[in-house]
1. Please go through the range 59-80 and pick out each residue that is surrounded by fewer than 18 Cβ atoms within 10 Å (Cβ to Cβ), out of contact with any Phe, Trp or Tyr (no Cβ under 9 Å at 6 or more places or on another chain) and within 28 Å of ALA103 (Cβ to Cβ).
2. For residues that are surrounded by 18 or more Cβ atoms within 10 Å (Cβ to Cβ) and not in a loop (DSSP other than H, G, I, E, B), tally how many sit in the range 1-33.
3. Considering only the range 126-175, state which residues are among the hydrophobic types (A, V, I, L, M, F, W, C) and either farther than 17 Å from LEU330 by Cβ or not assigned by TED's automatic domain parsing to the domain that holds MET191 (or both).
4. Out of curiosity, is ASN150 in contact with a strand residue (DSSP E or B) (Cβ under 7 Å, 6 or more places away or on another chain) and polar (S, T, N, Q)?
Amino acid sequence: MANLLDLVTTAAPPTHEAVPQDLQPRWEAATTEQERAQWLTERTRTHRAGDKVTKWATKVVTEADEAVDKLCWESFVNTDQLPVPMKDRASPALVKMMSTPRAPLSSILDVTEKLGFVILPFAYLDEKAYASEDRGMRTAITEFGALDDNLDVYVVCPPTYYSLEKHLASDDPNKPIYAGRNAQAFMALRMTIPTLRSMQVQIDVLEKNQKTMRNDYDRMRFAVEQTVANMNTLQEQMSTMQRDVSTQLQQMNEQIGITREQTTRSAVEAAARVAEIGDQEQAERARSILAALGPESKLVDAQEALAQLEGMVWSIEEPLLFAIKPGTSLQDRKALAFIGPCWGPDFEDIIAVAVDLAVDSDRREAAEKMLDVWKPKRQRVLTSSGGRFREDHYYNGEFYGSGGYRY
């Protein structure tokens, strides 16, 4: 069994001992100011919360911490690594980035194209994509996604995980999308988004005006009715456009179906090759599928084998998060990507072979060890009650539920 980490070429991060020379003077000044701010905090500890001195001290500390954090991120973005002297002063998320694996963007693009996936901004990802994951993985996903303040965070996933609602509601609806085989469908969607967002703003304004007018309904009855009529017209227009978008998505799914059949047939042919030249485990799996064909059947017409492989192909539902430096093009194959959490069910590695992707389980194991930093640390605490012990579970100090009672 495989996942996307088997297919993406990952490597361990480099190590930098010293702060870059061009940042050294600013780093010394920022850390000195931060230490002074900490000293100030100690001296104002006895002051009443909320008084002028406390507010002033809090402002000084906040500004000093932000200056240090800014320099840490600047160093990370410029060197792809966090120097050792900065580690103790950097934010927890940035310290985790120091350990996360790297990959060439070309490797991610190859996987995206060959599997028929898309690359979406994390802000456009349907939350259903990870709603069924455990709390620890959901925490890791959202924490990596929050890096969007300093990096561009994306997700490699099947196109069905794209959320039109999240796209419409996002702060920036113009972030790039790499659609691969689904380029035409997403191009049509991108052209529709500005109009839908504009209409939503108009509807929100009209609803606000309607509520205001109701305060003096008798005097402004006509205006209210006109506002309601305009709002209904806009809503009808927006519903029509949304139906058009749904049609486009349906067409995209039909295209996916065609690709699915093509991929399945390629997988059947690949199964025959794997049965002859694959390693023992792969060869046995391929032979079990091909056994349904019979000696006189043609590969492309064997419905039973096709059905098995078809089910395998569409079990690939694993999203993979990654981040790139701000402003980096998604089509810059030489760019460096910082790999984040990967989740969802594993799939048969023969599927990867069918689309000419190499599976490397050793590389996956190394990447998963590095990615453990994103998963909250689980702690189990036993508490007694009525002669029985209850096992409470915590992630990073936050209570997440109990494991039941035992004597």
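1. LYS70, GLU74, VAL77, ASN78, THR79
2. So the answer is 8.
3. Residues satisfying the conditions are ALA129, ALA131, MET137, ALA140, ILE141, PHE144, ALA146, LEU164, LEU168, ALA169.
4. In short, no.
Yes/no per residue for (1) of a type in the set (S, T, N, Q); (2) farther than 28 Å from ILE350 by Cα; (3) touching a residue at least 24 places away in the same chain (Cβ under 8 Å):
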site: MET98; (1), (2), (3): no, yes, yes
site: VAL111; (1), (2), (3): no, no, yes
site: ALA129; (1), (2), (3): no, no, yes
site: GLU133; (1), (2), (3): no, no, yes
site: ASP149; (1), (2), (3): no, yes, no
site: CYS157; (1), (2), (3): no, no, yes
site: ASP171; (1), (2), (3): no, yes, yes
site: ARG181; (1), (2), (3): no, no, yes
site: SER198; (1), (2), (3): yes, yes, no
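The values are calculated or read from the model by the stated rules, or taken from the named source; none is laboratory data. Computed from a predicted model, the values in this text were never measured in an experiment. All Cβ positions, glycine included, derive from the backbone under ideal geometry; neighbour counts span all protein chains shown.
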